[in-house]
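Only one structure is covered here, and it is reproduced in the block below.
The values are calculated or read from the model by the stated rules, or taken from the named source; none is laboratory data. Nothing here was measured: the structure is a model prediction, and the numbers come from that model. We place every Cβ from the backbone using ideal geometry, glycine too, and count neighbours over all the protein chains shown. With ligands, DNA and RNA removed, areas are computed over all heavy atoms of the protein, side chains included. Shrake-Rupley method; radii C 1.70, N 1.55, O 1.52, S 1.80 Å.
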Amino acid sequence: MRFLFMALLLLTLLVRHSGADLHDILLDSSNFTGDSSRPTRSLAGGGCNIFRGKWVYDPSYPLYTSGSCPFIDPEFNCQKYRRPDTGYLRYRWQPFSCSLPRFDGVSFLEKWRGKKIMFVGDSLSLNMWQSLSCMLHSFVPNAKTSLFRRDNTASLTFLDYNVKIMLYQTHFLVDLVKGSHGRVLKLDSINNGDSWRGMDALIFNTWHWWTHTGRTQTWDYMEEGGKYYKDMNRLVAFYKGLNTWARWVNGNVDPSKTKVFFQGISPTHYEGKDWGQPSRSCLGETQPYFGTRYPAGTPMAWLVVNKVLSRVRKPVYLLDITFLSQYRKDAHPTLYGYGGDHSGTDCSHWCLPGLPDTWNQLLYAALFA
C-alpha cells in the first residue's frame with residue numbers, strides 16, 4: 001500500500017504539471033489494492049482470482065516446441081537461436097485458490113468454429129497472437145491452414161474449422177497520421193477502428209510505445225481537439241488515448257456478438273533494481289522471481305488502465321497479466337531473438353514457447369470456463 005500511495009501522489013503531481021484535468025485523471029486509491037487481488041473487471045469468477053498465484057516448475061511443459069511451430073518469428077524463437085538454458089520453458093502458473101483449465105486446442109477450435117478472434121496492438125500483441133497460433137497448431141499439426149501477412153495485418157485460418165486468428169498491429173490504438181506538422185499522434189481520433197469490426201473477440205493492447213523518446217519516438221507532435229503539443233506527460237497522453245479507445249468500444253461494440261478483452265500491461269526487465277538486484281538486467285536470468293511481492297510494485301500504467309476500464313459502459317475484461325509477468329525476469333529473448341542478432345538485449349518481448357502461452361491459457365479460461 002505504501003508504494004501505491006506514492007504512485008498515486010506522483011501521478012497527481014504529473015497531472016498537475018501537465019495542465020490536464022486533475023479530477024478526471026487522478027485515480028481513487030480506494031478502488032485499487034496495489035496488487036491484482038481485485039483488478040477492475042478481471043476474470044475472477046467463482047471466488048477465485050486466476051491472476052493471483054505463483055509459478056511452479058512443471059516438467060510436462062512447454063505446451064509445444066519451437067521446432068514444431070511454423071509461425072514463430074525470429075525475434076521470439078529463442079531455442080532456435082541457441083539460448084543455452086531451458087528451465088524457463090517449464091514453469092506453470094498456479095492460482096492460489098483454484099487451477100486453470102488445461103488448454104485444449106481441439107476444444108478451442110470446435111467451440112470457436114466459424115468465428116474470428118483479433119489481437120489489436122503492438123508487438124506484444126504479435127507475441128500473443130503467435131503464441132496462440134502455435135498452441136492451436138500443436139493440437140492439430142496436420143490440419144489445413146492458410147496464413148496471410150501484409151503490412152500491419154495478419155490472419156491464420158484453420159480451414160477445417162473456419163477459425164480465423166487475426167492480428168492488427170498498431171502502437172497506440174489511436175491514429176498516427178502524416179500531415180503538415182509531420183507525424184501526428186491524434187489522441188482523440190481512432191479511424192483505425194473500422195478494421196476491427198465484425199470480430200467475435202477482440203484483445204487490445206497498448207503501452208510500450210507511449211514511453212519512447214529520441215530516435216525510437218514515432219511521432220513529432222501530439223494533437224487533441226485541434227491543438228498541437230510538442231510533448232506532454234506520457235501517462236496523461238496514455239490516459240487520453242485510452243479514453244478515446246473506450247469511447248470507440250462504447251459506440252461500436254455489440255456485447256451480444258463480440259467479447260472484448262484488454263491484454264494488460266506487459267512489464268519489462270531492463271533494470272534489476274525492479275526485483276532487488278540493481279546491477280542486473282534480464283540477461284542471464286534463468287529463474288523467475290520467487291518473492292511474495294515484486295519490489296517494483298504496481299506500474300502506474302496499470303492504474304491508468306484500471307481507471308479507464310472502470311468507466312467503460314460495455315463489458316471489457318482485463319486479462320491482468322501484469323503481476324504474474326513481473327515475476328518472469330527469466331522469460332525474455334535477451335540475446336537470442338531477432339535471428340540471433342546480438343546487437344542489443346531484448347528485455348521487453350518474450351520467448352516462444354514461453355510466458356505468452358500462459359496469457360493464452362488465461363484467455364482460454366475467460367472464453368470457455
- Query: Under a point spin-label approximation (7 Å from Cα along Cα-to-Cβ), what is the K115-S68 distance to one decimal in nm?
  - Reply: 2.5
- Query: What does the accessible area of T145 come to, in Å² to the nearest 10, when a probe of 1.4 Å is used?
  - Reply: 60
- Beyond 16 Å, what share of the Cα-Cα pairs of segment 61-170 remains, rounded to the nearest whole percent? 63
- More than 22 Å apart: what percent of Cα pairs in segment 143-289 qualify? 55
- Item | Loop-located trypsin sites (Lys or Arg not before Pro) in segment 214-315, at most 14 other Cβ atoms within 10 Å (DSSP) | K230, K257, R293, R311, R313
- What number, in nm² with one decimal, is the all-direction average of the projected area of the convex hull of the alpha-carbon atoms of segment 228-283? 7.0
- With all pairs of different alpha carbon atoms counted, what Kirkwood hydrodynamic radius in Å does segment 115-206 show? 14.2
- Given K115/K144; K230/K314; K54/K273; K178/K307, which pairs have Cα atoms separated by over 25 Å? K230/K314; K178/K307
- Query: Amide H of T145: which non-local residues (sequence gap of 5 or more, or other chain) have their own amide H closer than 5 Å, using H built in the peptide plane?
  - Reply: L159
- Karplus-derived 3J(HN,Hα), 6.51/-1.76/1.60, for each residue of segment 173-178, Hz, glycine and proline x: 6, 6, 7, 10, 10, 9
- Using a 1.4 Å probe, what is the accessible area per residue for the chain, in Å²? 43
- Pairwise centroid distance, computed over Cα atoms, of segment 69-99 with segment 311-329, Å: 20
- Which distance in Å, rounded to a whole number, links the C-alpha centroids of segment 131-160 and segment 166-219? 24
- Cα-based Rg (one decimal) and Dmax (whole number) for segment 252-291, in Å? 17.7, 51
- What one gets for segment 250-369 as the Kirkwood radius, inverse of mean 1/r over different Cα pairs in Å, is 16.0
- Item | Simple spin-label estimate for A143 and N252 in nanometres, 7 Å along Cα-Cβ | 2.8
- Quote to one decimal, in nm, the extra length available between Y57 and H212 on full extension: 0.36 nm per residue of separation minus the C-alpha distance between them. 52.3 nm
- Task: Write out the chymotrypsin sites (Phe, Trp or Tyr not before Pro) in segment 276-369 meeting two conditions: DSSP loop, and at most 14 other Cβ atoms within 10 Å of their Cβ.
- Result: F290
- Query: With all protein chains present, how much of the accessible area of the chain (probe radius 1.4 Å) comes from carbon and sulfur, to the nearest whole percent?
  - Reply: 50
- Query: Summing -39500 (n - 2.57) over the DSSP H runs of n ≥ 4 in the chain and dividing by its residue number, what mean residue ellipticity at 222 nm do you reach, to the nearest 500 deg cm²/dmol?
  - Reply: -8000 deg cm²/dmol
